[in-house]
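See below for the structure under consideration.
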Amino acid sequence: MLNNSINELKDKNELIEALLDEQGRHLVNLLHATFKVAGMYEANNNRYIEQASKLRGILKQIFDDEADFSLAIKGGYMYLNGVRLKADRESEVAMTYFLERWPELGISGLTLTSGLDPRELDKFIFFMTGFESGENREENYDAIKSRLIELGIENIIPSRYSQEAEEPEDADKYRAIRAKAKKTFFSAVSVVHNTMNQAKSQNSVNIAKTKRVVQQLIDVIIEDESALMEMTALRSFDDYTYVHSVNVCVLSLILGHNLGLDRKRLSNLGVGALIHDIGKTKLPIDLVNKPDSYDEYDWELMRRHPIYGVKFLLKTRSVEETTARATSAVYEHHISYDGAGYPQLLKKRIPTLFARIVAVADTYNAMSSGRVYHRKKNLPDEVITNMANRAGSSFDPILLKVFINALGIYPVGTVVALSSNQVGIVTRSNPKDPENPKVKIVADESGLLELDQVKVIDLSKESGINVTRIIDGDKYNINNANYLDKF
Amino acid sequence: MPEMIQIDESDFIEIDEVQIRSVAEVFNQLIKTVKAKLVYPSSSKLPQQFMEKLNSDFTAVLGEMDKLKLKIETDAVLFSDQIIYRAKNKAENFAHPFFRDGIVELEFYKGLPFEELDRFVDILALVTRSAHVEDDLATLLWEIGFEKISYKLMDDSLDIETFEYGTSKIKTPLKSSGIDYRKMILENSELGLTEEDFNLDSDKNKARKLPAGYKNVPDNVADYIKRLTEYDDSEKSAIAEMLQADDNFKCKQYIIDILFEILGAEGDNASYNETLDLISKVRDDFIKAEDLRSAITIFKMTKELREALKTLGDEKEKRIEEFIKGFGASERIRILVDTLNNSKDINYSEVTEYLAMLSWEAVTPLIWALGELSHYPARRAVCQSLETVAADHVEVLGKGTENPRWYVVRNVVMILGRIASPQALNYFQRTITHSDIRVRKETIVSAARIDNEQSANFLIMALKDESESLQTLSLKELVRRKSEKAFVHVENMIEDKKFKNRPTDQIKEILEAYARLGGKQAFEQLKKMATRTILIPSEKEDRIKYYAVMALGCIFSPPAYQVLDKISKSRNKRLADAARRAINKRLREKEIA
């Protein structure tokens, strides 16, 4: 009985929200259309009269239920009395108009009170249509406010555009995702650390535990790829081997996710990627940590690590799907798309899908960090250029394309110089406009900014600011880790 | 304003109790369904019936409460803080798989579809059946991505030995360290770029339309970067094909292929042996997992490899030869026996196919297996394979006749009979006198399969077996063979004083055999028996007379006919009737002949 009544209440609230959402979208559409018509016709024109009548109709409907109401923008969304309006195909244009126009006018919303009469409404429509905004938002707002008073418009009250409206509506959600990403990333590093140690000392590996952390990584990726991508861009860890494995895992999962792999396959892919270098635990530690370049003998040994990995896995595990899939990544991640590489195949063939994915992620991370096999560190554009140059020979061209698309040409974590004479760290790529990602501004001509001065700008919305080049953050003391909590 | 709800507390508690009972029943049904899936073979209808009942129970409960939330403890399951399940003992603790894997809460929502519930039960059955699955309950449930079932994991379920990591460790002080940022920002020479590269509006860059940082790339890369965000139809279909191909990825075949690939590339003997040992281990894993098909594939590939290496005559060839023999080693057969005894769904034709590939060295372990196998189809598979494996090594198989277990001996005798090697008769000499009648019977049947004089002697020997049914069995076989040698032995049986005391069926069989084996030779004796006048005949004597008349019908000679004709007209109705039947039988057999 109690349950039923709670459900009834819940249902009622949902009903009210759904109603406001529908009315809100209708109102936004009609308001937008009325502004447009007012821009073309006089107030006594039938076309306008007809349009204004429709607008009054929806306003009356809303006033029937609500004495006063507010239509507002916040974090890229529109709200009617606090209920977020779900943009659909019909209302998308109108919403985009208000989301762009109102901040220019310095207003974040309008409150309409029940005393509103048609004359007042018409005055407001024609005033707003003819209003010429200046560059300064504050001045625009003040001008609108005072003019409305002069016109005797008392029942439509604008509210000032605030920083709060600019902050993402789901800032808390972002914060939570970032925190989750960080926690999961480091859990994964710990799991790899334990797994590698177990492999070395106890000759066993706990696939379930490995899979558990992989599934948590996938949960984060499904929610927000950038959060984990940012973690992979951190380059200063001491235990590079473990972090490299987690990075390869995250990058493989991002590629797999963008490719459309289902949960089960993603889960298996992640396990394979996380332990792709497990064979290295069977190599002499001196070789793995050798500071000098490898000689031919070193290489011969190093080239056996995929085979050592296979032998270790199959010795300690039974041949079930996860193990078999992981084995394919372990065995073939150094085999090129054209069958070259190592271990040498008796008969050349295209490696498995998982191995091809891990190969792309492994190469990208190794080249970006410059720690594996003591190569030099490359900047993201150099890595992408190098890999793109090898599409079809070393890498599956389609997978590489999906990968670069997912990462963006300026991957998250890339340090970029901007045409505004600022330096930023890419915090979110922009699939629709890859050249204009979201960037954290961390330095300007005067030097590094204080943390509280660091802010995020969306280059796709900031006209006139472009990326001019990619720079090596290390050279300029720009450490991504310092800015993780800024988004 | 919403209507105020008046709650009568006593009603509320009552409803709760009813709900608790219903939920307990649902959980109980869940356990039963999981057990049914574990116990019955996949072909059985019972698990499906249990599933349907479970589904209807869930639908009923979720109809009442929208969401069913269960809390899991180490050995109990709770609903509304009331225990609805408590494990009876450690061995049968249904809460354990959940708790062990960190699942502390389960939620089922209204509209739970049958398919989702079915998959949930399948996963429970999987983790309950074997502790050796590589996943745990939580990872398996995650992979499904249920819509109407959710679960809560303990925060520390990963049980990670936390390693000292964190971004605080890698953060650095925000110091510019005297770097001239203005110079850095304004300088564009770092990547060897020219002024033109930096000028986004230059003619060259406009033509190439490449983003900053990608100006100096080769044309092929430039083209690649430019087309990055678009996927043409061929690329879209390539992605679809890629995923489709991956759907068809055969995990086990892949593992087998790469193991042989690695083996083929191994240079030194130590690595070669290590890989062979690994193949051996993988094969054993397949057998344990009831996947005989994959084990057969390994077997076949090993044999192919042996053929390929034959010409080399090196150490590797010898090693492969040993490896092949190892397939039939005792410890390997032991693994197979364990699998067969615990399996409910194994494909027995694959078992036969696998075993039939073994070399003769496996004969002794296979005989041992015959004594250990619990299920008839498994024993049959071993017997069938032994026919092939032991065909050229009857002497090894024959040793199985010394086995202390009568049923092993019987099976060995049967296989010897099917191989039908005359050599088998040496072993039948022992088994024909075996204390167990079933072994002796099998010996007769098997000996009958070997069509030679020596086997006839066996059958004659069996005429003296203490079991009358075995005597009859031998007799029939001797008749089938038309063994002339047997006639005199049958005659001895008839002349024996105790003959009249034999059971009716046997008297009938012996007399008929006597007639068929002896023909005219038997006529006089049978005529005498059939026409002998006894003043007050006993029932036993009457019986002999009757079947002697019937046996005369098996002698195709005019005198025999005349005697029967005469008897058929006699006043003794019973005998006359027997004679008529014998005549008819005789006619039928003649027609058939």
Problem - Subset of the stretch B:564-583 [surrounded by fewer than 22 Cβ atoms within 10 Å (Cβ to Cβ) and outside any loop (DSSP other than H, G, I, E, B)] - result: B:Asp565, B:Lys566, B:Ser568, B:Lys573, B:Arg574, B:Leu575, B:Ala576, B:Asp577, B:Arg580, B:Arg581, B:Ile583
Handout entry: Filtered residues of the stretch A:173-222 (kept if free of Cβ contacts under 8 Å to residues at least 24 places away in the same chain and either outside any helix (DSSP H, G or I) or on the phi > 0 side of the Ramachandran plot (or both))
Key = A:Gln202, A:Asn206
Exercise for the section: Please verify whether the stretch B:213-225 includes one or more residues that are out of contact with any Lys or Arg (no Cβ under 8 Å at 6 or more places or on another chain), surrounded by 13 or more Cβ atoms within 10 Å (Cβ to Cβ), assigned to a loop (DSSP other than H, G, I, E, B) and not aromatic (Phe, Trp, Tyr). Expected result: yes
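Scanning the stretch A:77-96 for residues that are among the polar types (S, T, N, Q) and surrounded by fewer than 19 Cβ atoms within 10 Å (Cβ to Cβ), which turns out modelled with the highest pLDDT?
Of all residues in the stretch A:77-96, those among the polar types (S, T, N, Q) come to A:81, A:91, A:96.
Now drop any that are not surrounded by fewer than 19 Cβ atoms within 10 Å (Cβ to Cβ), which leaves A:81, A:96.
Working: A:Asn81: 86, A:Thr96: 77.
Among them, the one singled out is A:Asn81.
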Handout entry: Residue ranges of helices (runs of 4 or more DSSP H) in the stretch B:245-350 with at least 3 members modelled with pLDDT of 95 or more and within 14 Å of another protein chain (Cβ to nearest Cβ)
Key = B:251-265, B:269-288, B:292-309
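With respect to B:Ala551, determine if the residue is in contact with an Asp or Glu (Cβ under 7 Å, 6 or more places away or on another chain) and of a type outside the set (Val, Ile, Thr).
Working: in contact with an Asp or Glu (Cβ under 7 Å, 6 or more places away or on another chain): yes; of a type outside the set (Val, Ile, Thr): yes.
So B:Ala551 fits the description; yes.
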Handout entry: From B:Ala582, B:Ala551, residue being modelled with pLDDT of 90 or more, in contact with a Phe, Trp or Tyr (Cβ under 7 Å, 6 or more places away or on another chain) and assigned by TED's automatic domain parsing to the domain that holds B:Ala513
Key = B:Ala551
Completion exercise
Of the residues in the stretch A:189-209, those that are facing chain B (nearest Cβ under 7 Å) and basic (Lys, Arg) come to A:Lys209
Fill in the blank from the handout: When (1) among the charged types (D, E, K, R); (2) in contact with a Phe, Trp or Tyr (Cβ under 6 Å, 6 or more places away or on another chain); (3) modelled with pLDDT under 90 are applied to B:Asp66, the one that fails is (2)
Exercise for the section: Hey, could you check the stretch A:349-372 for residues that are touching a His at 6+ places or on another chain (Cβ under 9 Å) and either among the acidic types (Asp, Glu) or assigned to a loop (DSSP other than H, G, I, E, B) (or both) and say which is farthest from the other protein chains (Cβ to nearest Cβ)? Expected result: A:Asp362
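For the stretch B:433-508, which fully contained helices (runs of 4 or more DSSP H) count at least 1 residues that are over 20 Å from B:Cys554 (Cα atoms), hydrophobic (A, V, I, L, M, F, W, C) and touching a Lys or Arg at 6+ places or on another chain (Cβ under 7 Å)?
On the way: elements: B:437-449, B:453-462, B:468-481, B:485-495.
Ranges flagged: B:437-449, B:453-462, B:468-481.
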Fill in the blank from the handout: A:Ser460 meets each of (1) crowded, with 18+ Cβ neighbours inside 10 Å; (2) in a loop (DSSP other than H, G, I, E, B); (3) more than 10 Å from chain B (Cβ to nearest Cβ) with one exception, condition (1)
Practice task
Would you be able to say whether some residue in the stretch B:352-363 is closer than 24 Å to B:Thr433 by Cβ, in a helix (DSSP H, G or I) and touching a Phe, Trp or Tyr at 6+ places or on another chain (Cβ under 9 Å)?
Solution key: no
Completion exercise
A careful count of residues in the stretch A:26-46 that are surrounded by 12 or more Cβ atoms within 10 Å (Cβ to Cβ) and in a helix (DSSP H, G or I) gives 13
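When the stretch A:388-400 is examined, which residues are found to be surrounded by fewer than 22 Cβ atoms within 10 Å (Cβ to Cβ) and either at the interface with another protein chain (Cβ under 9 Å from one of its Cβ atoms) or part of a strand (DSSP E or B) (or both)? Don't jump to the end; show me each part of the working.
Initially, the stretch A:388-400 is screened for residues surrounded by fewer than 22 Cβ atoms within 10 Å (Cβ to Cβ), giving A:389-394, A:397-398.
Scanning the stretch A:388-400 gives A:Asn389, A:Ala391, A:Pro397, A:Ile398.
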Fill in the blank from the handout: Counting only residues that are surrounded by fewer than 19 Cβ atoms within 10 Å (Cβ to Cβ), under 19 Å from B:Leu425 (Cβ atoms) and aliphatic (A, V, I, L, M), the stretch B:440-491 contains a total of 3
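Collect the residues in the stretch A:98-122 that are among the polar types (S, T, N, Q) and either farther than 12 Å from A:Pro158 by Cα or assigned to a helix (DSSP H, G or I) (or both), keeping them in residue-number order.
Keep residues of the stretch A:98-122 that are among the polar types (S, T, N, Q), which gives A:108, A:111, A:113-114.
Within the stretch A:98-122, A:Ser114 is the sole residue that qualifies.
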Practice task
Within the stretch A:404-426, track down each residue that is outside any strand (DSSP E or B) and at pLDDT 90 or above.
Solution key: A:Ile404, A:Asn405, A:Ala406, A:Leu407, A:Gly408, A:Ile409, A:Tyr410, A:Pro411, A:Val412, A:Gly413, A:Thr414
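The values are calculated or read from the model by the stated rules, or taken from the named source; none is laboratory data. No experiment lies behind these values; they were computed from the predicted model shown. Don't worry about glycine lacking a Cβ; one is built from the backbone with ideal geometry, like all the others, and counts go over all protein chains shown.
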